Structures are given as structure tokens and as C-alpha cells.
1. Condition (residue is among the aromatic types (Phe, Trp, Tyr), farther than 16 Å from Ala11 by Cβ and crowded, with 17+ Cβ neighbours inside 10 Å) applied to segment 114-123: is it met by at least one residue?
2. So, in segment 1-29, exactly how many residues are over 14 Å from Ala76 (Cα atoms) and either surrounded by 16 or more Cβ atoms within 10 Å (Cβ to Cβ) or not hydroxyl-bearing (Ser, Thr, Tyr) (or both)?
3. With (1) under 24 Å from Leu23 (Cα atoms); (2) modelled with pLDDT of 95 or more as the list, and Ile140 as the residue in question, which single condition is left unmet?
4. Quick test of your reading of the structure: Ser55 fulfils all but one of (1) of a type in the set (S, T, N, Q); (2) surrounded by fewer than 12 Cβ atoms within 10 Å (Cβ to Cβ); (3) in contact with a Pro (Cβ under 9 Å, 6 or more places away or on another chain). Name the failing condition by number.
5. Every residue in segment 17-64 that is at pLDDT 95 or above and part of a loop (DSSP other than H, G, I, E, B), please.
6. Could you check how many residues of segment 30-48 are surrounded by 12 or more Cβ atoms within 10 Å (Cβ to Cβ), under 20 Å from the mean Cα position of the chain (by Cα) and over 29 Å from Lys145 (Cα atoms)?
7. So which helices (runs of 4 or more DSSP H) are wholly in segment 100-196 and hold at least 1 residues that are out of contact with any Ser or Thr (no Cβ under 8 Å at 6 or more places or on another chain) and touching a residue at least 40 places away in the same chain (Cβ under 8 Å)?
8. If you check Leu148, Leu156, which single one turns out to be within 19 Å of Val59 (Cα to Cα) and either surrounded by fewer than 20 Cβ atoms within 10 Å (Cβ to Cβ) or touching a strand residue (DSSP E or B) at 6+ places or on another chain (Cβ under 9 Å) (or both)?
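The values are calculated or read from the model by the stated rules, or taken from the named source; none is laboratory data. Nothing here was measured: the structure is a model prediction, and the numbers come from that model. All Cβ positions, even for glycine, are placed from backbone atoms using ideal geometry, and neighbour counts span all protein chains on display.
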Amino acid sequence: MIARTEMKAVAKEQIRGNLVALLVCSVIPVVVTAWIGLLPSIGPFIAQIIAPAFSMSVVMIYLGLSYGEKPQAPDAFLGFSIFGKSLWMYIVMEFFIALWAILFIIPGIWKAFGYAMAPYVLAENPEMSAMGALKESERIMKGNKMDLFMLVVSFLGWIFLTAITLGIAGIYTIPYMQATMTQYYYAVRDAAEEEV
């Protein structure tokens, strides 16, 4: 697997010149879900239902970015092309993570790391079922969970900076982290393929 420093270097290069577009793509889901959430009675429920599709949009945007595609505002809705699958995948994922967390916190976190690549798998393979994406994520993450944990830990300084700047640093930090996570997905995917 390629080193974290390499992943981060590639990520920095990819987000350069795209920060404004990525910010717009990030703000649209927040505004839409917040507005829908204000609707009486069913608003918050609908906001929760559409959130997975927006999350999938983010994954698709960064996968596209890694191929040199320029993000655009309408890309914020890309995930709705697989709305049903993304919703079901997140429901199942959250259920099993919660189930493991009930036993002990650590197994719940470990399960979350096992499922972490499922959105990327589904985004790259939209014909795959939600369960298939979850199983594939577990397969490619076998033996890699600690690597992912260390990758997350390596961003703690950036996360702290975002917190103390009241989110302003997030304009750079969030795209940087997302782009790095996409590179991590490619690394574990390719490593798993070589082992087959």
C-alpha cells in the first residue's frame, strides 16, 4: 500500500484550484437538508432520508476529482441516481455498527472501519447491491483497519485547527481529508485485487 504521505500529496494536488467548487458542492446539501428539516412534522424525517444520497454525492464528487473531473454545483445531487441503494446501505451499516457498539464501544468502532469503504465501492459499482458493497468493503478492509485508524489520527491537528477557527479552516481541511480518503480507498482496493 502507498504511504500516507503520498496519499496526502496526491490529495493536495487534486483539491488545488477546486476549493471554491468543492465548497459550493458541500454547502448545497447542508442548505437543502436544513430547509427541508424546517418543514412541519415530516421535515426532519425527510431530511434524514435524503442525507445518504447527499453523502454518496460527496463520494462520487471526490472519485471524479481523482480522475481529473472538475466539480460543479449539480454534482451535489449525483448520489440521487442510486438513492434507494444508498439509503438501504446506510440503514444496514448504521444498524450493524450500533449493534456491535451495544456490546462494547471498540467493536462498534472497528465495525465502522470495516464498512468505511462501502460508499466508495457502491459509487464505483452502482449495479452492485447495498449488501454487496458492505461485504466488499469488509473484504478489502481486512487487515487494514489499523491503517485507516492511523490515517484518521494523522488529521487530528487539522481537525483541531478547524475547531478553533470555528469551522473556517474546514474550507481546506474537509476537502483535503475527503480527497485523501479517496486515495486510501484506491490503495486498499488495489491491494485486495493483487491478493486475489
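1. We begin by selecting, within segment 114-123, every residue among the aromatic types (Phe, Trp, Tyr); these are 115, 120.
Still in the running and farther than 16 Å from Ala11 by Cβ: 115.
Narrowing further to those that are crowded, with 17+ Cβ neighbours inside 10 Å: 115.
Yes, there is a match, as at least one residue in segment 114-123 is among the aromatic types (Phe, Trp, Tyr), farther than 16 Å from Ala11 by Cβ and crowded, with 17+ Cβ neighbours inside 10 Å.
2. Taking segment 1-29 as the starting set, the residues that turn out to be over 14 Å from Ala76 (Cα atoms) are 1-19.
In the following step, the residues that additionally are either surrounded by 16 or more Cβ atoms within 10 Å (Cβ to Cβ) or not hydroxyl-bearing (Ser, Thr, Tyr) (or both) were identified as 1-4, 6-19.
The total comes to 18.
3. So the condition that Ile140 fails would be (1).
4. Tallying (1) of a type in the set (S, T, N, Q); (2) surrounded by fewer than 12 Cβ atoms within 10 Å (Cβ to Cβ); (3) in contact with a Pro (Cβ under 9 Å, 6 or more places away or on another chain), Ser55 fails exactly one: (2).
5. Residue satisfying the conditions is Asn18 alone.
6. 3
7. Details: elements: 105-115, 118-124, 130-141, 145-153, 156-164, 170-195.
It comes to 118-124, 130-141, 145-153, 170-195.
8. Details: Leu156 fails: within 19 Å of Val59 (Cα to Cα).
That would be Leu148, the only listed residue that is within 19 Å of Val59 (Cα to Cα) and either surrounded by fewer than 20 Cβ atoms within 10 Å (Cβ to Cβ) or touching a strand residue (DSSP E or B) at 6+ places or on another chain (Cβ under 9 Å) (or both).
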